[in-house]
Amino acid sequence: LIAFGDSIVNDTMRSGWVGKLQEAYPKANIKASVYVRGGGGCRHYRLEERIQKYLVPLKPDLVFIGGISQGKDYEAICDVIQQIRRDLPDTEILLASGTFGTVDPRRPDLLAFANHSGSSDYGAELKQIAAELKCAYLDMTTPWAEYIRSTKLHPHRFYRDRVHANESGEQILSKILLSFFGE
């Protein structure tokens, strides 16, 4: 597994979900790597043969692409997927909407317009890209926001700064991914 994205993906991978997934599937040999660039998203990864230099040699079975920095650069997302598929046709790809960021998760009306949200036009477009390019799709925004709202706690209890998850927030990310993978 290799995870591509921004600092939100870094928070997600630091959450411990990979270790918990390994525990749930003890016969699997799960190794994970992270390639993140703050604010870059697929616009960064698609250039200068970065896919060929940094991803292809690792020969991952799964590439996780997520975070809040993709913007609405659908062309870059599609280009990265096509580069991966060209060199690693059997690699599976999981596209995920964003979490955390600066939008208040208690406000579904604001999440519906956030550039990274699974409940916005971005989420609908990402889901469509996933279907067209035969990738998996995970709306991480909705369960993240629902969980924070269900706690009745102020969202900042889950943040280490105004954009990133703290250890408690990372556990929400872990639960979302473990749920997706059936654990």
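General observations
Here is a yes/no grid of residues against (1) in contact (Cβ under 8 Å) with a residue 40 or more places away in the chain; (2) more than 30 Å from Arg162 (Cβ to Cβ):
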site: Lys59; (1), (2): no, yes
site: Phe64; (1), (2): yes, no
site: Gly67; (1), (2): yes, no
site: Gly71; (1), (2): yes, no
site: Ala76; (1), (2): no, no
site: Ile81; (1), (2): yes, yes
site: Ile84; (1), (2): no, yes
site: Asp87; (1), (2): no, yes
site: Thr91; (1), (2): no, yes
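- Options Tyr54, Tyr35: the member that is assigned to a strand (DSSP E or B) and not β-branched (Val, Ile, Thr): Tyr35
- Being open to solvent by less than 30 Å² (accessible area, probe 1.4 Å) and in contact with a helix residue (DSSP H, G or I) (Cβ under 8 Å, 6 or more places away or on another chain) holds for only one residue in Ala114, Ala130, Ala136, and it is Ala114.
- Those residues of the stretch 124-165 which are part of a helix (DSSP H, G or I) and over 18 Å from Thr12 (Cα atoms), in sequence order: Ala124, Glu125, Leu126, Lys127, Gln128, Ile129, Ala130, Ala131, Glu132, Arg149, Ser150, Thr151
- Residues in the stretch 64-84 that are surrounded by 16 or more Cβ atoms within 10 Å (Cβ to Cβ) and out of contact with any Lys or Arg (no Cβ under 9 Å at 6 or more places or on another chain) were compared, and the one that is modelled with the lowest pLDDT is Ile68.
- Subset of the stretch 140-159 [open to solvent by 60 Å² or more (accessible area, probe 1.4 Å) and more than 20 Å from Ser119 (Cα to Cα)]: Lys152, Leu153, His154, His156, Arg157
- Index of the failed condition, Arg162 passing every other in (1) in contact (Cβ under 8 Å) with a residue 60 or more places away in the chain; (2) crowded, with 17+ Cβ neighbours inside 10 Å: (2)
The values are calculated or read from the model by the stated rules, or taken from the named source; none is laboratory data. Small disclaimer: the values here were computed from a predicted structure and weren't measured. Note: ideal-geometry Cβ built from the backbone for every residue, glycine included; neighbour counts use all protein chains shown. Areas reflect the complete protein model, heavy atoms only, side chains present, ligands, DNA and RNA absent. Shrake-Rupley method; radii C 1.70, N 1.55, O 1.52, S 1.80 Å.
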